[in-house]
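Step one of this worksheet: look at the structure below.
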Protein chains: 2
Amino acid sequence: MNLDMIRAAAIRIHGHARVTPLLHSPFLDEIAGKRILVKPECLQVTGSFKYRGGRSAVSSIHPEVRKKGVIAFSSGNHAQGVAQAARDFGVPAVIVMPSDAPRLKLENTRALGAEVVTYDRATEDRDAIGTALAEERGLTLIKPFDEPEVIAGQGTVGLEIAAQAKALGVTQAEVLIPCGGGGLTSGTAIALNAEAPGMRVRPVEPEGFDDVARSLAAGSIQRNPALTGSICDAIITPAPGQLTFPIMHALCGPGLAVPDADALRAMAHAFLRLKIVVEPGGAVALAAALFHARETEADTLIVVASGGNVDPTSFAQALDTL
Amino acid sequence: MNLDMIRAAAIRIHGHARVTPLLHSPFLDEIAGKRILVKPECLQVTGSFKYRGGRSAVSSIHPEVRKKGVIAFSSGNHAQGVAQAARDFGVPAVIVMPSDAPRLKLENTRALGAEVVTYDRATEDRDAIGTALAEERGLTLIKPFDEPEVIAGQGTVGLEIAAQAKALGVTQAEVLIPCGGGGLTSGTAIALNAEAPGMRVRPVEPEGFDDVARSLAAGSIQRNPALTGSICDAIITPAPGQLTFPIMHALCGPGLAVPDADALRAMAHAFLRLKIVVEPGGAVALAAALFHARETEADTLIVVASGGNVDPTSFAQALDTL
């Protein structure tokens with residue numbers, strides 16, 4: 001997993017993934033007491049950065065293999081990213097989702113042309129179902145984060161940040177990234193380490209689900225005690241990945257953790273000042289920048305708003321914090 | 001008022017105004033039955049395209065005159081655009097607003113460094129107050145739309161659309177634009193007429209406030225019978241401008257009008273599918289594209305979402321339409 005793979009991924013996704021801008025607002029700078037630049041990956045195709053990794057991975061499969069199709073386990077942003085990437089290439093996508101996943105997510109994934117296979121969380125084994133399907137049909141599994149070509153795709157966020165910050169004259173910064181399994185965080189860290197060595201990546205997680213922060217502090221992979229209980233569902237994973245953790249350990253600064261209430265407030269400020277829609281898990285880095293800036297060192301904080309797939313009710317709840 | 005002035009404005013705003021992207025979603029295409037590309041000027045500095053015109057106008061004043069300051073009459077997006085542009089140059093901005101303007105708008109304009117002068121709508125004459133202040137202090141008046149350098153700034157939207165659409169292989173399209181006094185519409189029409197002659201601009205207004213559509217049909221300036229009664233306050237003006245109307249008459253296709261309810265539904269779809277925050281007046285062109293596509297001819301509709309300065313309560317009302 002290296003910079004060349006990220007550069008190659010950038011070429012493969014060019015013209016398909018959007019180059020998201022860097023947004024700013026004097027009102028946000030004032031809250032943080034620092035300069036805040038926000039990269040809105042909620043504006044990415046399918047509403048999150050996951051399309052980058054999906055497109056990178058699907059485009060890296062040999063055409064003769066790819067035509068049989070791909071498969072992913074996900075009820076969320078990764079499912080939509082892979083479904084859209086498969087649709088780009090006109091190949092089948094099978095998405096394995098729990099039968100109790102939100103109806104909107106099931107419908108959206110189907111609308112992108114994917115075949116959705118549901119399973120009962122209580123009685124059925126997701127991996128067994130997926131593996132059987134993959135073998136039977138020759139599908140290629142696209143893992144959500146512990147997969148080099150997925151990490152390479154997410155790392156293109158880092159290439160863009162380096163170039164866009166340089167154009168603004170910014171070379172020294174902390175880069176705050178919402179962190180689940182660590183695909184976006186580790187890929188971006190590799191890109192920035194090479195292209196903008198004055199920048200340091202800081203993973204941000206929901207309070208109580210800070211497996212990455214604890215793993216970085218301990219120097220070994222630590223797990224989350226639970227997988228439910230936060231509104232930031234998109235970035236709750238059992239533990240950092242086998243591939244992503246060593247990269248983060250080598251390249252990232254200490255992790256940060258924010259309470260759900262701060263994620264909601266950050267969503268409201270993104271609405272008010274940047275006019276973007278951010279989901280709770282996608283807002284934790286902005287929350288850290290706005291409300292926990294004292295835990296950072298740099299004068300400039302670059303924040304990734306990683307996704308915007310939030311239902312209207314949760315969004316209205318965020319607006320109520322204003 | 002010509003293309004060269006728009007090109008010159010583009011140079012003056014470069015690096016200050018954002019080049020907003022062109023967004024799309026297969027879900028929106030399906031609703032319309034056409035290809036929909038959305039230019040989100042809600043992501044522009046100060047949350048609307050008005051910063052382009054403000055920056056263009058303020059940057060065109062001679063430095064010795066500019067240093068005395070600028071003045072604008074506005075309770076809305078033009079006020080913020082001019083205030084930010086004045087702040088860019090470190091010169092004073094006076095904004096004349098009715099004393100009953102929304103508190104948030106008063107506060108935001110002050111927070112951008114402007115001096116806000118309020119007047120009583122019922123008993124005081126806005127123009128008299130403004131003219132007296134301008135003479136007394138040597139302030140330059142920046143009109144909201146009937147001013148060549150403002151039109152030139154707004155026209156940079158057209159230059160960007162031409163280049164971005166070409167990169168996507170799109171040369172034939174109708175370009176739907178929320179229209180108040182016609183600054184954005186006329187400037188964009190001049191730019192596209194030169195740079196993308198296969199495109200035709202269609203102004204879009206709220207139903208019952210379609211002075212531009214009626215003026216275009218009649219071939220002479222028609223007025224709105226009332227100035228209140230629509231949620232699309234940002235684009236309600238008494239009549240098209242003396243400068244903007246002849247340009248629109250020469251270059252634009254027929255106007256479109258949409259009910260407020262459709263603007264709210266368009267805001268909700270922009271939330272759900274594009275992850276952007278659009279205000280009611282900024283959403284009328286998207287509403288026309290999504291819900292009145294039969295009144296258009298081209299296979300591709302390019303839509304400007306012109307602003308995002310909406311209060312949380314109105315936004316929640318839009319989400320309730322989902």
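Fewest to most neighbouring Cβ within 10 Å: what's the order for B:Ile142, B:Ile177, B:Ile190? Walk me through the intermediate numbers first.
Working: B:Ile142 28, B:Ile177 34, B:Ile190 25.
Ordered from fewest to most neighbouring Cβ atoms within 10 Å, B:Ile142, B:Ile177, B:Ile190 come out as B:Ile190, B:Ile142, B:Ile177.
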- Note on the structure: In a Gaussian network model of chain A with springs linking alpha carbons closer than 10 Å, the residue among A:Gly130, A:Gly219, A:Gly281 that fluctuates most is A:Gly219
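In Å³ and rounded to a whole number, note down the convex hull volume per residue for the Cα atoms of the protein assembly as shown.
Details: hull volume 91.4 nm³, N = 644.
It is 142 Å³ per residue.
Give the order of A:Lys143, A:Lys50 when sorted by the count of other beta carbons within 10 angstrom, beginning with the fewest. Let's see the in-between values first.
Working: A:Lys143 19, A:Lys50 34.
With the sparsest Cβ surroundings first, the list reads A:Lys143, A:Lys50.
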- Task: Determine the sum of side-chain charges near B:Lys275: Lys and Arg each +1, Asp and Glu each -1, restricted to other residues whose C-beta is under 11 angstrom from that of B:Lys275.
- Result: 0
- Query: Of all the residues in chain A, which one has the C-beta that comes nearest the axis relating A to B, and what is the distance in Å?
  - Reply: A:Ala316, 3
- Task: Could you run the Debye sum over the Cα atoms of region B:51-141, one equal point scatterer each and no solvent, and tell me log10 of I(q)/I(0) at q = 0.17 Å⁻¹, two decimals?
- Result: -0.63
- Message: At a 10 Å Cβ-Cβ cut-off, how would you order A:Cys252, A:Cys42, fewest neighbours first?
- Response: A:Cys252, A:Cys42
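Once the other residues with Cβ under 12 Å from the Cβ of B:Ser186 are scored (Lys, Arg +1; Asp, Glu -1), what is the net sum?
Working: positive: none; negative: B:Asp146, B:Glu147.
Spelling it out: positives minus negatives among the neighbours equals -2.
With respect to the cross-link table entries B:Lys50/B:Lys105; A:Lys166/B:Lys39; A:Lys50/B:Lys166; B:Lys68/B:Lys105, which display a Cα-Cα separation exceeding 18 Å?
Details: B:Lys50/B:Lys105 15 Å; A:Lys166/B:Lys39 25 Å; A:Lys50/B:Lys166 27 Å; B:Lys68/B:Lys105 24 Å.
Long pairs (Cα-Cα over 18 Å): A:Lys166/B:Lys39; A:Lys50/B:Lys166; B:Lys68/B:Lys105.
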- Taking only the Cα positions of region A:3-53, the convex hull volume per residue in Å³ is 94
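Write down the percent of antiparallel bridges among all DSSP beta bridges whose residues are both part of the protein assembly as shown, to the nearest 5.
Values: 5 of 63 bridges.
Here the share of antiparallel DSSP bridges comes out near 10 percent.
Only Cα pairs under 8 Å and at least 6 apart count here; give the relative contact order of chain A as a rounded whole percent. Before the final figure, lay out each step's value.
Values: 727 pairs, mean separation 67.9, N = 322.
Dividing the mean separation by the residue count of chain A yields 21 percent.
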- Note on the structure: Distances in nm between the label point of A:Gly229 (7 Å along Cα→Cβ) and its equivalents in the other copies, shortest first, are 5.7
- Task: One decimal, nm, shortest first: give the distances between the label point of A:Thr313 and those of the same position in the other copies, each label point 7 Å from Cα along Cα→Cβ.
- Result: 2.4
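Report the relative contact order of region B:1-148, percent, no decimals, based on alpha-carbon pairs under 8 angstrom and at least 6 residues apart.
Values: 220 pairs, mean separation 30.3, N = 148.
It rounds to 20 percent for region B:1-148.
I need the Kirkwood Rh of chain B: take the reciprocal of the average 1/r across all distinct C-alpha pairs and report it in angstrom. Display every interim value, and only then the final one.
Numbers: mean 1/r = 0.0517 Å⁻¹.
Hydrodynamic radius (Kirkwood, Cα pairs) of chain B is 19.4 Å.
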- May I ask for the net charge around A:Phe315, where only other residues with Cβ less than 12 Å from the Cβ of A:Phe315 are counted and Lys, Arg are +1 while Asp, Glu are -1? -3
- Message: Need the list of lysines near A:Lys67 for cross-linking: C-alpha distance under 16 angstrom, and skip anything on the same chain fewer than eight residues off.
- Response: none
- Can you tell me the equivalent ellipsoid semi-axes for region A:208-290? Use √(5λ) from the Cα gyration tensor, largest first, whole Å. 25, 14, 10
- Task: Quick one: give the max-minus-min coordinate of the C-alpha atoms of region A:113-180 along each principal axis, largest first, in Å.
- Result: 54, 27, 22
- Query: So what's the back-of-envelope 222 nm ellipticity for the protein assembly as shown, counting only DSSP H runs of four-plus at -39500 (n - 2.57) apiece and dividing by all residues, rounded to 500?
  - Reply: -13000 deg cm²/dmol
- Along Cα-to-Cβ, 7 Å out, sits the label point; list in nm, shortest first, how far the one on A:Gly33 is from those in the other copies. 5.9
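Coordinate-derived values only; no laboratory data. All figures in this text were calculated on a predicted structure; none of them were measured in a lab. Positions of Cβ are generated from backbone atoms using ideal geometry, with glycine treated the same way; all protein chains shown enter the neighbour counts.
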